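Participant: I have a structure here, written as structure tokens, and I will follow up with some questions on it.
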2 protein chains.
Amino acid sequence: MLYDITVPQFTKMLQNLNKIIDKSVAHAEAKKFDFDILLNSRLAPDQFNFIRQVQIACDTAKLGVARLCGKEAPVWEDQEKTLSEVKARIEKTIDYLKGFTAKDFDGAESRTISQPRWEGKYLTGTEFAIQHALPNLYFHITTAYSILRHNGVDVGKKDYLGEMPFKK
Amino acid sequence: MLYDITVPQFTKMLQNLNKIIDKSVAHAEAKKFDFDILLNSRLAPDQFNFIRQVQIACDTAKLGVARLCGKEAPVWEDQEKTLSEVKARIEKTIDYLKGFTAKDFDGAESRTISQPRWEGKYLTGTEFAIQHALPNLYFHITTAYSILRHNGVDVGKKDYLGEMPFKK
């Protein structure tokens, strides 16, 4: 189950984010302003800008899944400055998630998960996934979305949620 | 597992939201402005205001859990206008969630979930929880938080995430 609530859903949310960015680029072109302005926008002067929100969303997905599976995630420096670099970071993260299967999550529920800043304290895999990785991922994707929305980009919650696997 | 990713975590996030509101009220008092201004603030002119974000977060939790358990949720009119009414709505939702146990979720994974606006289409309980209820809940709580953050309230991601059940 920890696989189901992370890998496929994190992948979907990052794909949604990518489409939201594409919509924003089209919006910037139509309004004749430079999309880079949005890359560097933020909701408060002491909050991270759009690029940083995307970087953290990507790292939350990458590190969250790696930690749950007891693997060492690759380190990616936060050097993105342009639209194509930001989109490449998202794509790279989606590709990384593709490397994980449900089998990799065997034992993840009770795995001991820690982070350098937790100074030796830990959570179980289940606690980490539900109370840390998921709320963090949604936080940064929603904040990235809100920065664009606040700046007039015509995106809505359907873009954030993405397609639903509806049946009839 | 659908119980674990919804009832306790939705409860925790609503409690965090309540504390964030308390911090914001203290901030408004210190800055000598009327907190009601924040209740009616929004990030974009065509986006819901703070009160509505809280109402939807509450309904997402209430309806999400009720639908997963095959129960009929009570209808609460969206009539909150004051701080105490908004906080009462959150408390009422937390109380409602207390009525559910893991046992109520027996069979929830494969339950057929629909909403009036889906015009007969449906999701399985697992799909609904992971792809709809959770991202929606986090979306509206993050947006409520961002409206306050955007207006200078001194809250941070720790307030949003709440306490972690750290072990040593």
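Participant: As an exercise: evaluate A:ARG111 against (1) surrounded by fewer than 18 Cβ atoms within 10 Å (Cβ to Cβ); (2) more than 9 Å from chain B (Cβ to nearest Cβ) and give the number of the one condition it does not meet.
Facilitator: Of everything listed in (1) surrounded by fewer than 18 Cβ atoms within 10 Å (Cβ to Cβ); (2) more than 9 Å from chain B (Cβ to nearest Cβ), A:ARG111 misses just condition (1).
Participant: Tell me whether the range B:23-36 contains one or more residues that are within 14 Å of chain A (Cβ to nearest Cβ) and open to solvent by 70 Å² or more (accessible area, probe 1.4 Å).
Facilitator: Narrowing the range B:23-36 to residues within 14 Å of chain A (Cβ to nearest Cβ): B:24, B:27.
Of the ones still in play, those that are also open to solvent by 70 Å² or more (accessible area, probe 1.4 Å) are none.
So far as the range B:23-36 goes, no, none of its residues is within 14 Å of chain A (Cβ to nearest Cβ) and open to solvent by 70 Å² or more (accessible area, probe 1.4 Å).
Participant: Can you tell me how many residues within the range A:57-86 are farther than 16 Å from A:LEU97 by Cβ and part of a helix (DSSP H, G or I)?
Facilitator: Number satisfying all stated conditions: 4.
Participant: Search the range B:44-64 for residues that are away from every other protein chain (no Cβ under 11 Å) and under 19 Å from B:ASN18 (Cα atoms) and pair each with any residue that is assigned to a helix (DSSP H, G or I) and acidic (Asp, Glu) when their beta-carbon atoms are under 9 Å apart and the residues are at least 6 apart or on different chains.
Facilitator: Close Cβ pairs (under 9 Å, with a partner that is assigned to a helix (DSSP H, G or I) and acidic (Asp, Glu)) amount to B:ILE51/B:GLU85.
Participant: Suppose we filter the range B:37-56 for residues that are exposed (fewer than 15 other Cβ atoms within 10 Å of the Cβ) and assigned to a helix (DSSP H, G or I); how many remain?
Facilitator: Final tally of qualifying residues: 1.
Participant: Determine, yes or no, whether B:TYR122 is facing chain A (nearest Cβ under 8 Å), open to solvent by 20 Å² or more (accessible area, probe 1.4 Å) and either at pLDDT 95 or above or under 19 Å from A:LEU137 (Cα atoms) (or both). Even if it seems obvious, please write down each step before you answer.
Facilitator: On the way: facing chain A (nearest Cβ under 8 Å): yes; open to solvent by 20 Å² or more (accessible area, probe 1.4 Å): yes; either at pLDDT 95 or above or under 19 Å from A:LEU137 (Cα atoms) (or both): yes.
Yes: the conditions hold for B:TYR122.
Participant: Looking only at residues in the range A:153-168 that are at the interface with chain B (Cβ under 7 Å from one of its Cβ atoms) and touching a residue at least 24 places away in the same chain (Cβ under 8 Å), which one is surrounded by the most Cβ atoms within 10 Å (Cβ to Cβ)?
Facilitator: A:TYR160
Participant: Only one residue in A:GLN9, A:GLN15 is within 13 Å of chain B (Cβ to nearest Cβ), part of a helix (DSSP H, G or I) and open to solvent by 60 Å² or more (accessible area, probe 1.4 Å). Which one?
Facilitator: Result of the check over A:GLN9, A:GLN15: A:GLN15.
Participant: Counting just the residues of the range A:89-98 that are touching a helix residue (DSSP H, G or I) at 6+ places or on another chain (Cβ under 9 Å) and of a type outside the set (Phe, Trp, Tyr), which one comes out most open to solvent (accessible area, probe 1.4 Å)?
Facilitator: Among them, the one singled out is A:LYS98.
Participant: Would you check if A:THR142 is crowded, with 16+ Cβ neighbours inside 10 Å, in contact (Cβ under 8 Å) with a residue 24 or more places away in the chain and facing chain B (nearest Cβ under 9 Å)?
Facilitator: Judged against the criteria, A:THR142 is not a match.
Participant: Among A:LEU137, A:LEU148, which is the only one that is under 26 Å from B:PRO165 (Cβ atoms) and either among the charged types (D, E, K, R) or touching a helix residue (DSSP H, G or I) at 6+ places or on another chain (Cβ under 8 Å) (or both)? So that I can check it myself, show each step before the final result.
Facilitator: On the way: A:LEU148 fails: under 26 Å from B:PRO165 (Cβ atoms).
Sole residue among the options that is under 26 Å from B:PRO165 (Cβ atoms) and either among the charged types (D, E, K, R) or touching a helix residue (DSSP H, G or I) at 6+ places or on another chain (Cβ under 8 Å) (or both): A:LEU137.
Participant: Sticking with this one: Among the numbered criteria (1) more than 8 Å from chain A (Cβ to nearest Cβ); (2) farther than 21 Å from B:CYS69 by Cα, which one does B:ASP95 miss?
Facilitator: (2)
Participant: Scan the range B:52-88 residue by residue and report those that are touching a helix residue (DSSP H, G or I) at 6+ places or on another chain (Cβ under 6 Å), under 28 Å from B:ILE130 (Cβ atoms) and not polar (S, T, N, Q).
Facilitator: Once the filter is applied, which keeps residues that are touching a helix residue (DSSP H, G or I) at 6+ places or on another chain (Cβ under 6 Å), under 28 Å from B:ILE130 (Cβ atoms) and not polar (S, T, N, Q), the range B:52-88 yields B:VAL54, B:ILE56, B:ALA57, B:CYS58, B:ALA61, B:LYS62, B:GLY64, B:VAL65, B:LEU68, B:CYS69, B:ALA73, B:ASP78.
Participant: Output the qualifying pairs, or none if there are none: Cβ atoms under 6 angstrom, residues six or more apart or on different chains, first residue in the range B:108-132 and β-branched (Val, Ile, Thr), second residue assigned to a loop (DSSP other than H, G, I, E, B) and surrounded by fewer than 18 Cβ atoms within 10 Å (Cβ to Cβ).
Facilitator: Every condition considered, the pairs that remain are B:THR124/B:SER110; B:THR126/B:GLU109.
The values are calculated or read from the model by the stated rules, or taken from the named source; none is laboratory data. Note that this is a predicted model, so its numbers are computed, not measured. Heads up, the Cβs are rebuilt from the backbone with ideal geometry, glycines too, and the neighbour counts pull from every protein chain shown. Accessible surface areas use protein heavy atoms only, side chains included; no ligands, DNA or RNA. Shrake-Rupley method; radii C 1.70, N 1.55, O 1.52, S 1.80 Å.
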